[in-house]
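Asker: Encoded as structure tokens, here's the structure I'll be asking about.
The values are calculated or read from the model by the stated rules, or taken from the named source; none is laboratory data. Owing to the predicted nature of the structure, the values given are computational and were not obtained by experimental measurement. FYI the Cβ positions are ideal-geometry reconstructions off the backbone, even for glycines, and counts take in every protein chain you see. All accessible areas refer to the heavy atoms of the entire protein, side chains included, with ligands and DNA or RNA removed. Shrake-Rupley method; radii C 1.70, N 1.55, O 1.52, S 1.80 Å.
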Amino acid sequence: MTSFKRRSMTNNGDESRSNDQHRHAILSALQSNLSLTPVQRRVMHPRNEFSYVSSPQRRFVMDLSIPGFSKISLPLPLPKVSGEWGLSTLFLRIKDSGLLILLKLLLLERSVLLVGETSEEVTACSTVLLELLHPYKWASAFMPLLPSDMLDFVSSPVPFIAGMIVDGKQHLHNIIHDYGVKDAMLQGLSIVNLVSGKLIVTREQGTSDMLRRSFQTM
């Protein structure tokens, strides 16, 4: 039995080292080969359906030259994670009407706090807000990931876009009902709750009235 355990431990150790070497080879191959040529960088999305059907589809192809792995082939242009994934996430969470309100708030230079369960989701949705403001630029504070122990930052006197990761429903509840957060919402803060898909709009009187008028028909 003892001999069997020793062999098992030895085999597991060899397998672990083999996996580490395999991962290292894959990462090295990605680091050296994962780059677009100048021509590939200039590829844009088709302007219409006819162009999409009639034009040949260009692809980014990369051969890792690693046994057991086939070539990587992706259509061009490559998707932008922070832009396309972040935008689709916001659309799915707060819908188009909520996104319009959110952009109006940012154009009014009001603060926005995004709360979600993963760093990828929070940072992507925070970053895409900057892209949606184009050609305007956000000239104030931007913190895509705010540490949970820095919640007092919501009392900042300058406008900000910030994201925060929540650890469960209770943590989310504590943030939304925090005294400092409630006070900040009276001063212009709005919250994008990516967990429940709700946009909690600021209760600042002047801003609320301005938003209400902006959606009235002429």
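Asker: List every residue whose amide H lies under 5 Å from the amide H of residue 188, counting only residues 5 or more places away in sequence or on a different chain, with H placed 1.01 Å from N in the peptide plane.
Answerer: Counting only residues 5 or more places away or on other chains, the set is 203, 204.
Asker: For labels at residue 171 and residue 107 in the simple 7 Å Cα→Cβ model, what's the distance in nm?
Answerer: 3.5
Asker: Same structure again: Tell me, what is the FRET efficiency for residue 137 and residue 213 to the nearest 0.05, using R0 = 41 angstrom and their Cβ-Cβ distance as r?
Answerer: Result of the calculation: an efficiency of 0.95.
Asker: Can you give the accessible area of residue 177, probe radius 1.4 Å, in Å² rounded to 10?
Answerer: Around 90 Å² of this residue is reachable by solvent.
Asker: With respect to the cross-link table entries 137/182; 169/198; 95/182, which display a Cα-Cα separation exceeding 21 Å?
Answerer: 137/182; 95/182
Asker: Search the structure for amide H atoms under 5 Å from the amide H of residue 146, placed 1.01 Å from N in the peptide plane, and list their residues when 5 or more places away or on another chain.
Answerer: 163, 164, 165
Asker: Between residue 118 and residue 88, what FRET efficiency follows from the Cβ-Cβ distance if R0 is 22 Å, with the result rounded to 0.05?
Answerer: 0.90
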